[in-house]
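The values are calculated or read from the model by the stated rules, or taken from the named source; none is laboratory data. Remember, it's a predicted structure, so these values are computed and weren't measured experimentally. Backbone-built Cβ (ideal geometry, glycine too); neighbour counts: all protein chains shown. Only protein heavy atoms, including side chains, enter the accessible area calculation; ligands, DNA and RNA are left aside. Shrake-Rupley method; radii C 1.70, N 1.55, O 1.52, S 1.80 Å.
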Amino acid sequence: MTEQIQQGILQALVRFYDRMQNAPALGWSQVKFGWAIVLNESGHPVDVMDLRDQSGKKPANRFFMVPAEVKRTAGISPNFLWDKSSYVLGKTAGAGKRTAQEHAAFVKKNLERIAGVEDAGLLALKAFLENWSPERFESEPFQTDMLDANIMFRLDGDARYIHERPAARKLVEARALEADGPEDRIFCLVTGENSKPARLHPAIKGVEGAQIAGASLVSFNCDAFTSYGKAQGENAPTSEGAAFRYGAALNSMLQRGSLNRVARPIGDTTVVFWAEASDRQAAEAADAFGAIALSSDNKDDAEVEKVSETLKRVSRGEALHTIRPDLGEGTRFYVLGLAPNAARLSVRFWLCDTLDAFARNLAMHYQDIAVEPAPWRNLPSPFLLAVKTTAMLEKADNIPKRLVADILNAILTGRAYPRTWLSSVIMRLRAGDDPTGWHAAAARAVLQRMKRKINPTISEKESVPVSLNRDYPNIGYQLGRLFAVYELAQRAALGGVNTSMRDKYFGAASATPASVFPVIIRNGQNHLGVVRKKLAGWSVIIEKELEEIFNKISPEEPSSFPRSLHLEQQGEFALGYYHQRSAKLAGQKSNQSLPEIENDQEDEDA
Amino acid sequence: MGIRLHIWGERACFTRPELKAERVSYDVITPSAARGILEAIHWKPAIRWHIDRIHVLKPIQFGSFRRNEVSAKANARNAATAMKAGTTAGLGLVAEENRQQRAAMILLDVAYVVEAHFTMTDRAGPDDNPAKHISTFNRRAERGQCFHRPCLGTREFPAEFQLLPEEAALPHSDFLLQTQAAGDVDLGWMLHDIDFTNGKISKFFRARIHNGIIDVPPFDSPELAA
């Protein structure tokens, strides 16, 4: 049994901070460096690294982020985990009257602060400091260039410097927090440590629609938000360190072009996501996987193809970590949706689960929206789906704001899609949008998920059809087909017309068939009469198809059409229409196709 | 003197203190919210409820919405002045002038079994004894009586409740069905209760769901942090 970590948003953000590279930090500063000494695990110096910039005429020292430099005037005051050679090694190029004291102070201070910390890097440093004698400098690998330069340390085989190891960072930060004196320490509800309290929380920048200067995720800016007479940060005891770290983590993820955010806001919600894995490579690979899975627009086709292939295999029951071992087993994935509310940010959704579970849900989503022929080339992102199916003029601004967040939520949790998605789709169709495969896909997704809720192991036979299913027993679906065939008859008879049957009747036919279909059938008879004379081959095909559909719905007379179709049936109608329209008809030869709408109607019979 | 109470509801919001302006709920009911539900059914100054264990019966699901609320609170000092003056002038709070739109991320479809006991406080009189209070609680809970409608975190999410008699089996748990494979859940630090005798300090405990059960440490436990 493994323990699942399902803590709050701030806790997860703080853990992300720990994994960030180049993270700004409390108690750190930029200092110029020349050298690093490489230690093995037992503290023996095995090598030295020249950190200088060699591109100029003379080697130049470069800036590195290190534990904050102490202010040195006349006294002896060593730095933590780094310093110049007189402090670190007890050697200097000049006369050096008090080099010995300086070195002793460095050893003493550093040993004190790293005492009791079980970290390979710090233990190696400890051993080094305990065993070092200045004479050792005369032999390999040390070089005279190192004298008086700033020197740091690295553990052999580690990509980080010793002061960059998490254990060392913790020590540095603890010191930074202590600076104001230990008298007012509080319990931190994020980290569980006792430390200096944060009164005001950091401003978060980059959420779409929020104030440019930044808005607060944690704030108590009105009386009604406080409890028990507490002011500001007292309401939620959080340490300065935790507040700083979650702020830095969130701000870095929200930056434009960051890998961890969905580039465009989804509705009014800006979405960030990140993975948590046993090591950094796996976490970054999982971030990249998530980036494509959550927003495939404008991404490299080959990469999207790879992800969609992976999701296909997941939907067949394979575990994600067996397909993509680089993502790591048990990797967790977080998705945070933030919406602006004046000076504050509100959490629209917060999802945390294993990456495996997210992949399973995504795979199920792509199964549920599948229609044939697919209207998309690459896997559509949730954003694109919403734009294509619910937005007027397909403009991002016109998406019903809450809806997209709800759709994304449903996609990632595997729960039912919002029924409002279907009603928005129907509304767009009634408003006169051309019914496309996108609409059909959305309708199918909502309906299929509803069926799935009742029967989680739904078979293909019971499912809402992906492609034309002539025997699907649903009145909405069959009426949709019927409408498509009559439209075909009109096209065959008249070619392109300014206002086609679809423009005129689609919405009404799907909502109130009984009052519209008689008209459609009457017109259809006239169209068929024309087709029989002009395109005899087609008239046979169309009539055969009509007969087949009428057998399925078997209305004895036109009045037996249903008076109205409810929302779900209207969805089926759109789906049936799309399937019928894009399907090959019975008896249609492979090279037999109708002249395009724009073509002249005098075209030859096929 | 232990009791078991089955509580459930369509929605719940056990607001996290760090995210309470734009509310985000904890994943499960907090011990103090559970105490509030028991107190709604039976409470006297003579007794104090202690939550021992919380069984989580439904998978954790979130939903969110935004609504109009107010930014100000009624002022206690003004109310005292008004009482003295004998007039309510200037006491009102006009909602339209103090509008605040707030979002809330709440729990959907929750159900818990709360195991609790009570202790007698120093305000217990000569007539008070545990047997009396336990039978009062059991009688009231069985009949569905309460002093005020118990709620799941906030007043707008009412709690349904049913007494679970000693010999009765636990209700069916969907939570275990869905979460078993994943093992235990570490929920991080969670509010335990407010220490009203000591400067209204919030006390926190490390919440873990083990086999669908959260063990709640007692109020004076060293595991609690404040």
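Here are the numbers for this structure:
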quantity: Criterion: hydrophobic (A, V, I, L, M, F, W, C), farther than 30 Å from A:GLY247 by Cβ and touching a residue at least 40 places away in the same chain (Cβ under 8 Å) - qualifying residue of A:LEU123, A:LEU81, A:LEU111; calculated: A:LEU123
quantity: Residue selected from segment A:449-474 under the condition without any contact (Cβ under 8 Å) to a residue 40 or more places away in the chain and assigned to a helix (DSSP H, G or I), by the criterion surrounded by the most Cβ atoms within 10 Å (Cβ to Cβ); calculated: A:LYS451
quantity: Criterion: touching a helix residue (DSSP H, G or I) at 6+ places or on another chain (Cβ under 9 Å), at pLDDT 85 or above and over 10 Å from A:THR238 (Cα atoms) - qualifying residue of A:LEU177, A:LEU217; calculated: A:LEU217
quantity: Any chance A:ARG332 is within 14 Å of another protein chain (Cβ to nearest Cβ), touching a Cys at 6+ places or on another chain (Cβ under 8 Å) and touching a residue at least 60 places away in the same chain (Cβ under 8 Å); calculated: yes
quantity: Failed criterion for B:PHE157 (all others in (1) more than 14 Å from chain A (Cβ to nearest Cβ); (2) open to solvent by less than 30 Å² (accessible area, probe 1.4 Å); (3) hydrophobic (A, V, I, L, M, F, W, C); (4) farther than 26 Å from B:ALA104 by Cα hold); calculated: (4)
quantity: Selection status of B:VAL185, facing chain A (nearest Cβ under 9 Å) and either in contact with a helix residue (DSSP H, G or I) (Cβ under 8 Å, 6 or more places away or on another chain) or crowded, with 16+ Cβ neighbours inside 10 Å (or both); calculated: yes
quantity: Pairs where the first residue, in segment A:134-145, is under 13 Å from A:LEU89 (Cα atoms) and the second is open to solvent by less than 90 Å² (accessible area, probe 1.4 Å) and aliphatic (A, V, I, L, M), C-beta under 7 Å, 6+ apart; calculated: A:PRO134/A:LEU89; A:PHE137/A:LEU89; A:PHE142/A:VAL48; A:GLN143/A:VAL48
quantity: Of the criteria (1) assigned to a helix (DSSP H, G or I); (2) among the hydroxyl-bearing types (Ser, Thr, Tyr); (3) open to solvent by 30 Å² or more (accessible area, probe 1.4 Å), which one A:TYR486 fails; calculated: (3)
quantity: Residues of segment B:57-68 satisfying the condition of being within 13 Å of chain A (Cβ to nearest Cβ) and open to solvent by less than 30 Å² (accessible area, probe 1.4 Å); calculated: B:PRO59, B:GLY63, B:SER64
quantity: Subset of segment A:290-310 (residues that are among the polar types (S, T, N, Q) and under 25 Å from A:CYS352 (Cβ atoms)); calculated: A:SER295, A:SER296, A:SER308, A:THR310
quantity: Every residue from segment B:121-152 that is of a type in the set (S, T, N, Q) and touching a residue at least 60 places away in the same chain (Cβ under 8 Å); calculated: B:THR121, B:THR136, B:ASN138, B:GLN145
quantity: Segment B:62-87 residues that are over 29 Å from A:ARG344 (Cβ atoms), paired with ones that are open to solvent by 80 Å² or more (accessible area, probe 1.4 Å) and modelled with pLDDT under 85 (beta carbon under 6 Å, 6 or more apart); calculated: B:ALA82/B:THR88
quantity: Residues located in segment A:284-302, provided they are of a type outside the set (A, V, I, L, M, F, W, C), open to solvent by 10 Å² or more (accessible area, probe 1.4 Å) and either closer than 16 Å to A:MET253 by Cα or modelled with pLDDT of 85 or more (or both); calculated: A:GLU284, A:SER295
quantity: Matching residues, segment B:24-36, being among the aliphatic types (A, V, I, L, M) and within 17 Å of B:ILE214 (Cα to Cα); calculated: B:VAL28, B:ILE29, B:ALA33, B:ALA34
quantity: B:THR197 being among the hydroxyl-bearing types (Ser, Thr, Tyr), part of a helix (DSSP H, G or I) and either at pLDDT 85 or above or farther than 19 Å from B:THR121 by Cβ (or both); calculated: no
quantity: Criterion violated by B:LEU108 - all others in (1) surrounded by fewer than 19 Cβ atoms within 10 Å (Cβ to Cβ); (2) over 17 Å from the mean Cα position of the chain (by Cα); (3) within 14 Å of chain A (Cβ to nearest Cβ) satisfied; calculated: (2)
quantity: Some residue of segment A:261-270 being open to solvent by 40 Å² or more (accessible area, probe 1.4 Å), within 12 Å of chain B (Cβ to nearest Cβ) and outside any loop (DSSP other than H, G, I, E, B); calculated: no
quantity: Those residues of segment A:191-216 which are surrounded by fewer than 21 Cβ atoms within 10 Å (Cβ to Cβ), facing chain B (nearest Cβ under 10 Å) and in a loop (DSSP other than H, G, I, E, B), in sequence order; calculated: A:THR191, A:GLY192, A:GLU193
quantity: Segment A:1-53, subset small (Gly, Ala, Ser) and in a loop (DSSP other than H, G, I, E, B), residue farthest from the other protein chains (Cβ to nearest Cβ); calculated: A:GLY34
quantity: Segment B:200-226, subset part of a loop (DSSP other than H, G, I, E, B) and acidic (Asp, Glu), residue surrounded by the most Cβ atoms within 10 Å (Cβ to Cβ); calculated: B:GLU223
quantity: Criterion (without any contact (Cβ under 8 Å) to a residue 40 or more places away in the chain and more than 30 Å from A:PRO202 (Cα to Cα)) met by exactly one of A:GLY56, A:GLY34, A:GLY43; calculated: A:GLY56
quantity: Members of segment A:298-331 found to be more than 28 Å from A:ARG15 (Cβ to Cβ) and part of a loop (DSSP other than H, G, I, E, B), listed by number; calculated: A:ASN298, A:ASP300, A:ARG316, A:GLY317, A:GLU318
quantity: Set A:ALA386, A:ALA357, A:ALA363: member being surrounded by 24 or more Cβ atoms within 10 Å (Cβ to Cβ), part of a helix (DSSP H, G or I) and not basic (Lys, Arg); calculated: A:ALA386
quantity: A:HIS163 being open to solvent by less than 50 Å² (accessible area, probe 1.4 Å) and outside any loop (DSSP other than H, G, I, E, B); calculated: yes
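Yes or no, residue by residue, for (1) of a type in the set (Asp, Glu); (2) more than 14 Å from chain B (Cβ to nearest Cβ); (3) outside any helix (DSSP H, G or I); (4) under 22 Å from A:ALA25 (Cα atoms):
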site	(1), (2), (3), (4)
A:LEU189	no, no, yes, yes
A:VAL218	no, no, yes, yes
A:TYR228	no, no, yes, no
A:GLY233	no, no, no, yes
A:PHE244	no, yes, no, yes
A:ASN251	no, yes, no, yes
A:ALA282	no, yes, no, no
A:ALA288	no, yes, no, no
A:SER296	no, yes, yes, no
